[in-house]
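A.B. asks: Please read through the structure below; I'll follow up with questions.
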Amino acid sequence: MTTAVPVAISDHAGPADVLARKGFGPRVRRLHGRIGAAHHQAEGMSFSRSLLAGQAHPRQLAALIRALAPAYGLIEARGPLLAAALGAEGFPWADLARSQALHQDIARLAVVPATPASAAAEIWLEHLQRLAQQAPHRFMAHVYVRYGGDLSGGQQLAEQANAILADQGLPPLQFWQFQRPIPVLKQELHDAIERMDLSADEELELLEESVIAFHDTQRLLAELGELAA
């Protein structure tokens, strides 16, 4: 299996990433400032460290993909109308959508032994369903955290995950592959988030929910870490 010295995603930014951060709008800057600590905590979890080191097991990767699919399905079913109602024009939904890739990956990894249904994924899905009904601006915090992560640290995770799968004769994941240039998609995502028309209270709740979104992720990461036992 592939091994490597793990490098934290947050320490992996290149010159282009640093330059892009200087161009962040005020809301995206506040979001990044708020989620920084939670991001580091997620990176420090056992599954994250194992994946960054190229030592995760294909069973864990298959479980991750299976767990993500329901929430992305909900995000992509409800997100466009919710975002439009908040004024998030220009959101690149079609280019960011991951549901089709996730279902393709699930089918291609069907040879990997099944894992128990994810309790963490179910909690996250129920949480998203409540937000879609009651607090769309909070729902959008999850949209930003998920797609922003897929376009950023997810690209490093993809390299390690695909190397692990290749060592086992398994196909690469489609989940982290995008058809348009990633810097362009990041900019369009950020611009749409900046366009949301929020009250001062909703702005604060958006920031608050971005941390909760990471906590939902951490719950799933902890579950995946237990699969290594």
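A.B. asks: Quick one: accessible surface of residue 215, probe radius 1.4 Å, all protein chains present, in square angstrom to the nearest 10.
C.D. replies: Per-residue accessible area (residue 215): approximately 80 Å².
A.B. asks: Also, I was wondering about something else. So what is the 222 nm mean residue ellipticity for the chain from helices alone, if each DSSP H run of at least 4 adds -39500 (n - 2.57) and you divide by all residues, rounding to the nearest 500 deg cm²/dmol? If you can, show how the numbers build up before the last one.
C.D. replies: Numbers: 11 runs with 163 residues, N = 229.
That calculation yields -23000 deg cm²/dmol at 222 nm.
A.B. asks: Determine, for each peptide in 143-150, 65-72, the mean count of other beta carbons within 10 angstrom over its residues, then list the peptides with the highest first.
C.D. replies: On the way: 143-150: 22.5, 65-72: 21.0.
Highest to lowest by the protection proxy: 143-150, 65-72.
A.B. asks: Nearest 20 debye, what's the magnitude of the dipole of the chain about its Cα centre given +1 on Lys and Arg Cβ and -1 on Asp and Glu Cβ? It would help to have the intermediate numbers written out before the result.
C.D. replies: Working: 19 positive and 25 negative charges, 61 e Å.
Dipole magnitude for the chain comes out near 300 debye.
A.B. asks: Further, regarding this structure: Of the options 52, 35, 148, report the single residue whose Cα projects farthest towards the positive end of the charge dipole of the chain (beta-carbon charges: Lys, Arg +1; Asp, Glu -1).
C.D. replies: Result: 52.
A.B. asks: Taking the alpha-carbon centroid of each part, what is the distance from segment 180-229 to segment 63-91 in angstrom?
C.D. replies: That distance is 11 Å.
A.B. asks: Taking Cα atoms, how many degrees apart are the long axis of helix 99-108 and the longest axis of the chain, rounded to 10 and kept between 0 and 90?
C.D. replies: Compared with the principal axis, the helix lies near 10 degrees.
A.B. asks: If you take the beta carbon distance between residue 180 and residue 85 as r and set R0 to 35 Å, what does 1/(1 + (r/R0)^6) give as a FRET efficiency, to the nearest 0.05?
C.D. replies: Working: r = 25 Å, r/R0 = 0.72.
Calculated value: 0.90.
A.B. asks: Same structure, new question: Calculate the spin-label point distance for residue 53 paired with residue 107, positioning each point 7 Å from the Cα along the beta-carbon direction, and give it in nanometres.
C.D. replies: 3.6
A.B. asks: Roughly what angle does helix 182-195 make with the longest principal axis of the chain, taking Cα atoms, 0 to 90 degrees, to the nearest 10?
C.D. replies: Roughly 40 degrees, rounded to the nearest 10.
A.B. asks: So, one more: What is the chain's relative contact order, in percent, from Cα pairs under 8 angstrom and six or more apart in sequence?
C.D. replies: Details: 261 pairs, mean separation 85.7, N = 229.
This gives 37 percent for the chain.
A.B. asks: Any idea of the accessible area per residue across the chain, 1.4 Å probe, to the nearest Å²?
C.D. replies: Values: 10630 Å² over 229 residues.
In whole numbers, the chain has 46 Å² accessible per residue.
A.B. asks: Ignoring ligands, DNA and RNA, please state the percent of accessible area on segment 87-174 from carbon and sulfur, probe 1.4 Å. Present the calculation step by step, with values, prior to reporting the outcome.
C.D. replies: Values: 1970 of 3740 Å².
Within segment 87-174, the accessible surface is 53 percent carbon and sulfur.
A.B. asks: Further question on the same structure: Please determine, in degrees from 0 to 90 and to the nearest 10, the orientation of helix 200-226 with respect to the longest principal axis defined by the Cα atoms of the chain, where the helix direction is its Cα long axis.
C.D. replies: 10
A.B. asks: Another question about this same structure. Between residue 135 and residue 32, how high is the FRET efficiency from 1/(1 + (r/R0)^6) when r is the Cβ-Cβ distance and R₀ = 25 Å? Nearest 0.05. Before the final figure, lay out each step's value.
C.D. replies: Details: r = 21 Å, r/R0 = 0.86.
That pair, residue 135 with residue 32, gives E of 0.70.
A.B. asks: How much space per residue, in cubic angstrom, does the convex hull of the C-alpha atoms of segment 119-229 take up?
C.D. replies: Details: hull volume 13.1 nm³, N = 111.
Convex hull volume per residue, Cα atoms: 118 Å³.
The values are calculated or read from the model by the stated rules, or taken from the named source; none is laboratory data. On a predicted model such as this, the values are computed, not experimentally measured, just so you know. Every residue, glycine as well, gets a Cβ built from its backbone with ideal geometry; the counts of neighbours run over all protein chains shown. Quick note on the areas: whole protein, heavy atoms, side chains included, nothing else; ligands and nucleic acids left out. Shrake-Rupley method; radii C 1.70, N 1.55, O 1.52, S 1.80 Å.
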